[in-house]
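The values are calculated or read from the model by the stated rules, or taken from the named source; none is laboratory data. Keep in mind it's a predicted model, so treat the numbers as computed, not measured. We place every Cβ from the backbone using ideal geometry, glycine too, and count neighbours over all the protein chains shown.
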Amino acid sequence: MKKYSRKNRQLTLMVALGSGFFVLALIFFIFFSFLLVNKSLSANQLNKLFVTGNSTKSQNEDQISQYNIPDDVRQAIDQAVKTGQPASGIRADGQTFHLPILIYHYVEHVRDRKDTIRMSLDILPETFEKQIKTLQDSGYTFINMSDVADILDNIKPAPPKPVVLTFDDGYEDFYFDVLPILKKYNVKAVAYIVSGFIDRPNYMTSAELTSVAQSGLVEIGAHTAHHLGLASLNENSAKIEINTSKIQLEQKLGVPITAFAYPYGSFNLSTIALVKEAGFRTAASTVAGTTIGNQDRFFAFRIHPGISVGEGLLKELAKQ
Ligand SMILES: [Zn+2]
């Protein structure tokens, strides 16, 4: 009887220990799942700022935009400001003015609701139209990047309340959803095209791109030949990516291409030099900001308008 109850106690102890472990394991499981879910959430939020070359391509999906000014570039600016002389090709002379440059990717009704990257980068054409109306009604002047270069080079003065609309990558929705709205409101914009992606599925065809360029409203800019992060390429490959996109677009469209945008906003001092050497007059980055001057014309700051319209949008644009 004594023996039996000892055995029973042992059994109870084992059951207690077992459930204890089970509960602990459960707590750990819940805790780690929470961490994982959290991690993927923040990755998803970052996706909103992704600059993807092709939504179906995984090579672009893990590359996140560069939001900071690299140290070598910062040092060159400081030196140029201090000495009043260009440093490593960076100038700090001339005026700096308030200029919100808005960055867009997809403007469309996404057909594949499971394409989460595309969904997160997308704004509806109706929202885009509301944004244009908001800006037009509050006296903004839509200019392109050639205008910006002319203003920085003192060829012409800045208009009242200038704003630039930029569209990266050359997706087909630009032709179908954006261009009609630009025409309706008679506003200028800039489309940065990946020259090697023209005529691919999801991207504008040569004929569509030609029609966009001939609209008189859209300045075509270059966005490399294959949408590669330039700061991670060697100098020679970066040079080929930059120069090829300019040459291919100029040959196709018969107009000078002087505006450039870095894929993933990826740049450094060496890529700035290459972009200048190639004959571009400006280059757009993904560093956030609403001013432009000579010191940053080759990594022009841009802001994401997201889905904000009305007062919310105006507030974003007015930020210094
Ligand atoms: Zn891009």
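Of note:
- Residue list for segment 296-320, filter: within 30 Å of Gly94 (Cβ to Cβ), part of a loop (DSSP other than H, G, I, E, B) and modelled with pLDDT under 95: His304, Pro305, Lys319, Gln320
- Residues being of a type in the set (Asp, Glu) and more than 20 Å from the chain's Cα centre (by Cα) - total across segment 241-284: 2
- Comparison of Phe174, Phe97 shows that the only residue that is on the phi < 0 side of the Ramachandran plot, more than 16 Å from the ligand (Cβ to nearest atom) and not basic (Lys, Arg) is Phe97.
- Taking the criterion of being in contact with a Gly (Cβ under 9 Å, 6 or more places away or on another chain), more than 14 Å from the ligand (Cβ to nearest atom) and part of a strand (DSSP E or B), the only residue of segment 252-294 that qualifies is Thr282.
- Only listed residue being basic (Lys, Arg), surrounded by fewer than 20 Cβ atoms within 10 Å (Cβ to Cβ) and either in contact with an Asp or Glu (Cβ under 9 Å, 6 or more places away or on another chain) or under 16 Å from Arg302 (Cα atoms) (or both), chosen from Lys183, Lys161: Lys161
- Candidates in segment 187-205 are the residues that are over 15 Å from Thr244 (Cβ atoms) and of a type in the set (Ser, Thr, Tyr); of these, the one that is farthest from the ligand (Cβ to nearest atom) is Thr205.
- Odd one out for Glu208 among (1) part of a loop (DSSP other than H, G, I, E, B); (2) away from the ligand (no atom under 14 Å from the Cβ); (3) more than 15 Å from Ile132 (Cβ to Cβ): (1)
- Ser232 within 16 Å of the ligand (Cβ to nearest atom) and crowded, with 19+ Cβ neighbours inside 10 Å: no
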